[in-house]
1. Can you tell me the orientation of helix 136-151 relative to the chain, as the angle in degrees between its alpha-carbon axis and the longest Cα principal axis, to the nearest 10?
2. Measure off 7 Å from each Cα along the Cα-to-Cβ vector at Ala208 and Arg160, then give the distance between these two points in nanometres to one decimal.
3. Mind listing which GluC sites (Glu not before Pro) in segment 388-444 are in a DSSP loop and have 10 or fewer other Cβ atoms within 10 Å?
4. Greater than 21 Å separation of Cα atoms is the criterion. Which listed pairs, Lys102/Lys137; Lys366/Lys564; Lys95/Lys235; Lys18/Lys95; Lys66/Lys103; Lys103/Lys127, meet it?
5. Quote the charge dipole size of the chain about the Cα centre in Debye, to the nearest 20; the model charges only the Cβ of Lys and Arg (+1) and of Asp and Glu (-1).
6. Below 8 Å, C-alpha to C-alpha, sequence gap of six or more: please give me the relative contact order for segment 248-356 in percent.
7. Compute the helix-to-body angle for 101-111: its Cα long axis versus the longest principal axis of the chain, expressed 0 to 90° and rounded to tens.
8. Can you tell me the accessible area per residue over segment 156-244, all protein chains present, probe 1.4 angstrom, in square angstrom?
Amino acid sequence: MTNNELADVFERIANLMKIKDELVFKVRAYERTAETLRSLGEEASALAARGALTSVPGIGKAISEKIEELLSTGKLGFLQRLEEEVPPSLLEMLKVPGVGPKKVALFWKELGLLNLADLQQAAAEGKLRSLPGMGEKSEAAILAGLASLAQRSGRMTLLRASEEGARWLAWLRKQPGVERAEPAGSLRRWKETVGDLDLVVAHREPAALMQAFTAHPDVARVLGQGENKSSVELKDGLRIQLWAQPPESFGALWIYATGSKDHNVRVRELAQRKGLSLSERGLLDAQGNLLRMPEEEQIYAALGLDWIPPELREDRGEVEAAAKHALPRLVSLGDIRMELHSHSTWSDGAVTIEEMARAAIARGYKVLAVTDHSHYMGIVNGMRPEDLPRQRAEIEEVQRKLGGQILLLQGAEVDIRSDGALDYPDEALAALDVVIASLHMSLHQPREQVTARLLNAIRNPHVDIIAHPTGRLLPDRAGADLDWSAVFAALAEHGTALEINASPMRLDADDAHTRHAAGLGIPITINTDAHAPRGMDEMIYGVSVARRAGLSAECVINTWEVEKLTGWLKKRGSRA
Ligand code: DGT
Ligand code: CA
Ligand code: ZN
């Protein structure tokens, strides 16, 4: 067990004792033990092995015996007896803002509540207000606390994670002795949301670096500090884990800290079968000698594997594919030649069509589709069908001005109304070069109803693309509950494209649905939905979803030659 895992056990003991209403000084001893363990410079297991646990200030005989029992058996009789007296499910309730151990004890003893779900139900039924020391106000506060707890997943968007990661990597690269600093964990795998940041460095003597890191002025709390690994919580709540190994072990460290956990397990098994031993400290041969491997490629090669792009490291068959040299050639940002979903001042965009076109040219794009919103209620400044001819005239004028640098398409992002009807009549849709349909309102209708709306749009022969299909907002707001098998069947039947909306707040469709859709031959399009030039820079996040879905460039419309795109649109009966 690591120091952090041991500390968690002692924290658990302290909380259970508080609910049991034990004496404060007894509880405090366990809390202090947890704090001591988290800031210990050395692993408790190493201290125990030397019989030196009691030399740590604050760790007496009773505590050191408990630590030794945990280290040797992974269990603790004392805790097991405590959990028989105080149900551990009660601890869930402590996470609710405004609920402390005294209230948990009250709810448990007076009402028999055992967990969060019980508490939710009792509060909703108005059963808490009549308890001693409670009232309508405190009951309402608990309901509000429960709601905010459900909202908080403790995860951040990829955008925030990338920005914070870049800032901390820049800081790390300036520290003495740092030979290399790189992102790892879910950030490097481009997972749609990130829990904590994992950063890795190559360093020969990292003790001083760990010290500087945990003493950084932005740090609020040190969750763990060791020779090769430290973990902190910043004042704004962000958590960072910093890992360090000497340069000759960097390949193994980077693989380990990148994960995912399931990928690591698979790779380590493979190493074992070859008589090797792989950990975050390095790759050891059968004699226990460290193999000098500063690069990931060297480790994978030693295991008979091609290098695996981090986006694929989720144990979804990538290790087997790498062994057969059959990994897909993943689409990359450089393959993208067009943006097919963008807004201008004709609806809620910030700049003119010409400025958006110039921004697209600056990014090397060959096609820009201007797809302003339709006018349906709730959409700010949406366009009425009668505005479309005047917009067409402006697009043609900009096209003349910019000549062959880029092809401009007139499209629209047509709202799918709450009753499933599209916001423009068919004549208006038929006059457009490309039509995007999307759900914006009434996302939380029952599954059959919201799915039927989407199917209605897919079946309209003028609709080319379904944008951000669920309407979810990351990190925490769920989107529509779609019947995906019906949606996939309709998309495949009509050849309609499915969008990966590249905004880090959306990433919708997600990687799993994209993988499934592409497997059925459904065309995939990646678009930023830019409302200003800088919005176009989010393309990389959409590409990451496609990469996590295992897609090569051919599956993605935006990588096609211009003629292939216009041919596809013409065949669908669009004007382009
Ligand atoms: P997150 O932070 O929830 O967005 O997800 P990750 O993937 O960054 O996970 P995290 O931060 O818990 O751990 C970072 C990496 O450390 C993870 O990707 C793989 C490695 N790791 C963590 N725990 C274990 C473990 O128990 N076994 C193995 N083999 N690797 C682990
Ligand atoms: Ca992480
Ligand atoms: Zn849009």
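1. 70 degrees
2. 3.5 nm
3. none
4. Numbers: Lys102/Lys137 18 Å; Lys366/Lys564 12 Å; Lys95/Lys235 19 Å; Lys18/Lys95 14 Å; Lys66/Lys103 29 Å; Lys103/Lys127 14 Å.
Pairs exceeding 21 Å: Lys66/Lys103.
5. That gives a dipole near 940 debye.
6. So the answer I get is 23 percent.
7. Taking Cα atoms only, the helix is inclined about 80 degrees.
8. Details: 3730 Å² over 89 residues.
For segment 156-244, the solvent-accessible area averages 42 Å² per residue.
The values are calculated or read from the model by the stated rules, or taken from the named source; none is laboratory data. Just so it is clear, the structure is predicted and the values come from calculations on it, not from any experiment. All Cβ positions, even for glycine, are placed from backbone atoms using ideal geometry, and neighbour counts span all protein chains on display. SASA here: full protein model, heavy atoms, side chains in, ligands and nucleic acids out. Shrake-Rupley method; radii C 1.70, N 1.55, O 1.52, S 1.80 Å.
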